[in-house]
Amino acid sequence: MIVATAGHVDHGKSTLVAALTGQRTDRLPEEQRRGMTIEAGYAHADFGDGAVLDFVDLPGHERYLRHLLAGIAAADVALLVVAADDGPMPQTLEHLALLRALGIARVLPVLSKIDRVDAARVAQVRDAMQQLLHEPGLEPAAVLEVCATRGQGLEAVRSTLRDLHRALPQRDDRGGFRLAVDRVFTRSGAGLVVTGTVLAGRVATADELRTVPGNGAARVRGLQVHGQPVIAARAGQRCALNLAPLAGERLQVDRGDWMMAPPLLAPTRRLDVRWRRPHERALPAQLHLHLGNATRIARHIALGDTAHAQLLLDRPVSALRGDRFVLRDPAARQLLGGGTVLDAFAPARGRARPQRLAELQALSEPMPDRALAAMLGLRREGVEWSSFALNWNLPADARDVMAAAAGALCLPHPGGMRLLGTGAWPALLTAVQRTLAASHEREPASRGMTEAALHVALSDHGDVPLRHAALAQLQRNGAIERDGFVWRIPGHAAQLPEADAVLLQRTHAVMQPHGLRPPPLGELAVLLDLPLLEAAAFLQRAAALGHLVQVARNRFFLPATLQALVQVARETAAASPDGRFEVIPFRDRSGLGRNLSIQVLEYFDRMHITRFAKRGRVMTVPP
């Protein structure tokens, strides 16, 4: 359990920690000379019954509030220390507002220096503290009265902390390792050492870690917890890591960086958050975000109500769902609010739509299984497991358990695995068949629907990859079939008017001898012995019904010919080491010529058969 101190400067926080632990936390000469905490100090104590507590002694002076923010965000419990002779002071109120903003509900009021005043003054300050802490979001707690220098009241503090430790839920350490670095130093014979609080997961000797934002690679040479060598450390503990660079590289780690397991290396600049504001005054254009030990400049975008917002950061930060943060004014002097991250990989588009606001409510659920169930009820397209698991820092083996609990179906997907809620997948399969059947009834002369037309008709039933998966499964089951570039219900036969059917046969007859390179519209009209406008009208009508494929304004292909060119594109991609290909290799393999090759490939892009990338095209449709 992590216990942080809070309160006004010179109210006895460091003295209290020293009395409880037997360890002085003021390590800097200036701190010892001035008797004032400047940087966060650390101590630990064994209170018996298995209660080994870590204390983070935080500075009370406003000038050093940045250091306080770095330490308090990982705390399970806070001791709000108020001196009996002074009573609540400005920093007392600011620190209390900070605790509320961060959502730290377990705040123990400690009335210190009771030996300096009479009983009436103690009662007066006690009443003032109780009134301060009688606010929504804070758990009720009796005021603990101490004189740390004489040991008076310390056992009551220890007993209360032991009870809280017993009641504190065990932290789940199955996710990826994350540690917020708060100290960096070198030690003779050991090399680089970093310390911090393990926010998630486990770390062991010989593990490989990454630094964020530097993306340096390191190996753990040694570990210490509470000053003792250990082979592993877990979530909720403070530890020291002795690091060695990998591959002989120089390792640069700074205070405010993160050490984490490589799979979590996903810096972000866009956060959807839930936050609390101590007042409703207008926000400045730029804010100071404090998250973990990092500080960033942020822009605030309200989402629907005052409780939700999207934060756009000037530089990437490592964040995951549940991370606590604080916002301050541009001068970093005034607390504007604080809260928790809901989505560390927030969307740029549609962020304030009702659907997205409902998703943020789902992400506010305290447990990932409940959040997943709520998200599945909101998203027809389902939930991408890899993104959800990364945001919640879930272990790999959690997927099947959570999917089964939510009654979700797992489907392979280009991004990994898609989870669909109960009924969503059958509804999509049914929608595909109904859409095709309605199309056949509406257009009996049509061979079927192109995939592009199907995607438009099914736009309310999941995204493109999910609809691709539905088409593939229905095709495997024989419920639908593909005929060239159109989809249809088995047994459907196009019923063209007799005149068009005869003309279509003539069109096939004159186009087939040209192989993969059909004649352009002008030549085709001559071969069909039709005026240009009449030929164009028929060819366009036939293409609209799926009997031909119009690739460009004056270029029509037989479906079988274009299917053969898809195979040429696939062979061209297969011949490339990375699966990417450009126009020239496709031109040479197909014999189409450069301009027609470009037209065909651009048509493939529109049909989602290929996808244009920086260094060429890649195939998006499997064989």
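The values are calculated or read from the model by the stated rules, or taken from the named source; none is laboratory data. Quick caveat, the model's predicted, so the values are computed rather than measured. Cβ: placed from backbone, ideal geometry, glycine included. Neighbour counts: every protein chain shown. When the accessible area is computed, the model is the full protein with side chains, heavy atoms only, and any ligands, DNA or RNA have been set aside. Shrake-Rupley method; radii C 1.70, N 1.55, O 1.52, S 1.80 Å.
Listing for the model above:
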quantity	calculated
Residues of segment 272-282 classified as open to solvent by 90 Å² or more (accessible area, probe 1.4 Å), touching a Leu at 6+ places or on another chain (Cβ under 9 Å) and in a loop (DSSP other than H, G, I, E, B), total	1
Segment 137-154 residues that are in a loop (DSSP other than H, G, I, E, B), paired with ones that are hydroxyl-bearing (Ser, Thr, Tyr) and open to solvent by 20 Å² or more (accessible area, probe 1.4 Å) (beta carbon under 9 Å, 6 or more apart)	Ala141/Thr160; Ala142/Thr160; Ala148/Thr15; Thr149/Thr15
Members of segment 95-136 that are in contact (Cβ under 8 Å) with a residue 60 or more places away in the chain, over 14 Å from Leu79 (Cα atoms) and not small (Gly, Ala, Ser)	Leu102, Lys113
Residues of segment 138-153 that turn out to be under 43 Å from the mean Cα position of the chain (by Cα) and open to solvent by less than 60 Å² (accessible area, probe 1.4 Å), as a count	4
Among (1) within 30 Å of Gln355 (Cα to Cα); (2) open to solvent by less than 40 Å² (accessible area, probe 1.4 Å); (3) at pLDDT below 90, the one test that Pro465 misses	(2)
Test: residue in segment 538-551 that is without any contact (Cβ under 8 Å) to a residue 40 or more places away in the chain, over 21 Å from Leu496 (Cβ atoms) and either among the small types (Gly, Ala, Ser) or open to solvent by less than 80 Å² (accessible area, probe 1.4 Å) (or both)	no
Flag for Ala302 being outside any strand (DSSP E or B), open to solvent by 30 Å² or more (accessible area, probe 1.4 Å), of a type outside the set (D, E, K, R) and touching a strand residue (DSSP E or B) at 6+ places or on another chain (Cβ under 8 Å)	no
Subset of segment 168-190 [within 27 Å of Thr295 (Cβ to Cβ), modelled with pLDDT under 85 and of a type outside the set (A, V, I, L, M)]	Arg171, Asp182, Arg183
Residue identified as open to solvent by 40 Å² or more (accessible area, probe 1.4 Å) and either in contact (Cβ under 8 Å) with a residue 60 or more places away in the chain or assigned to a loop (DSSP other than H, G, I, E, B) (or both) among Ala319, Ala285	Ala285
Cβ-Cβ under 9 Å pairs, at least 6 apart or on other chains, segment 600-623 side small (Gly, Ala, Ser), far side modelled with pLDDT of 90 or more and part of a strand (DSSP E or B)	Gly616/Phe581
Filtered residues of segment 572-605 (kept if among the hydroxyl-bearing types (Ser, Thr, Tyr), more than 25 Å from Phe556 (Cβ to Cβ) and in a helix (DSSP H, G or I))	none
Only listed residue being open to solvent by 60 Å² or more (accessible area, probe 1.4 Å), among the aliphatic types (A, V, I, L, M), at pLDDT 90 or above and in a helix (DSSP H, G or I), chosen from Val432, Val456	Val456
Residue, least open to solvent (accessible area, probe 1.4 Å), within segment 89-109, restricted to residues that are in contact with an Asp or Glu (Cβ under 8 Å, 6 or more places away or on another chain) and under 22 Å from Ala148 (Cβ atoms)	Val107
Strands (runs of 3 or more DSSP E) completely within segment 156-220 that count 2 or more residues being surrounded by 18 or more Cβ atoms within 10 Å (Cβ to Cβ) and within 21 Å of the chain's Cα centre (by Cα)	178-187, 191-200, 208-212
Among (1) open to solvent by less than 30 Å² (accessible area, probe 1.4 Å); (2) hydroxyl-bearing (Ser, Thr, Tyr); (3) in a loop (DSSP other than H, G, I, E, B), the one test that Ser439 misses	(3)
Considering residues of segment 491-516 that are within 19 Å of Gln563 (Cα to Cα) and assigned to a loop (DSSP other than H, G, I, E, B) only, the residue most open to solvent (accessible area, probe 1.4 Å)	Leu516
Complete set of residues in segment 113-136 that are of a type in the set (D, E, K, R) and either open to solvent by 40 Å² or more (accessible area, probe 1.4 Å) or in a helix (DSSP H, G or I) (or both)	Asp115, Arg116, Asp118, Arg121, Arg126, Asp127, Glu135
All positions within segment 55-88 that are farther than 20 Å from Thr149 by Cβ, at pLDDT 85 or above and open to solvent by 10 Å² or more (accessible area, probe 1.4 Å)	Asp76, Pro88
Residue check, Glu384 of a type in the set (Asp, Glu) and either surrounded by fewer than 19 Cβ atoms within 10 Å (Cβ to Cβ) or without any contact (Cβ under 8 Å) to a residue 24 or more places away in the chain (or both)	no
The one condition in (1) open to solvent by 30 Å² or more (accessible area, probe 1.4 Å); (2) touching a residue at least 12 places away in the same chain (Cβ under 8 Å) that Arg476 fails to fulfil	(2)
Filter result for Gln473 (modelled with pLDDT under 95 and more than 21 Å from Phe557 (Cα to Cα))	yes
Restricting segment 409-429 to residues that are assigned to a helix (DSSP H, G or I) and out of contact with any strand residue (DSSP E or B) (no Cβ under 6 Å at 6 or more places or on another chain), the residue that is least open to solvent (accessible area, probe 1.4 Å)	Leu428
Test result for Arg333, surrounded by fewer than 20 Cβ atoms within 10 Å (Cβ to Cβ) and modelled with pLDDT of 85 or more	no
Test set (1) outside any helix (DSSP H, G or I); (2) surrounded by fewer than 16 Cβ atoms within 10 Å (Cβ to Cβ) - Ala405 fails condition number	(1)
Test for Ala352: is it open to solvent by 30 Å² or more (accessible area, probe 1.4 Å) and either modelled with pLDDT of 95 or more or not basic (Lys, Arg) (or both)	yes
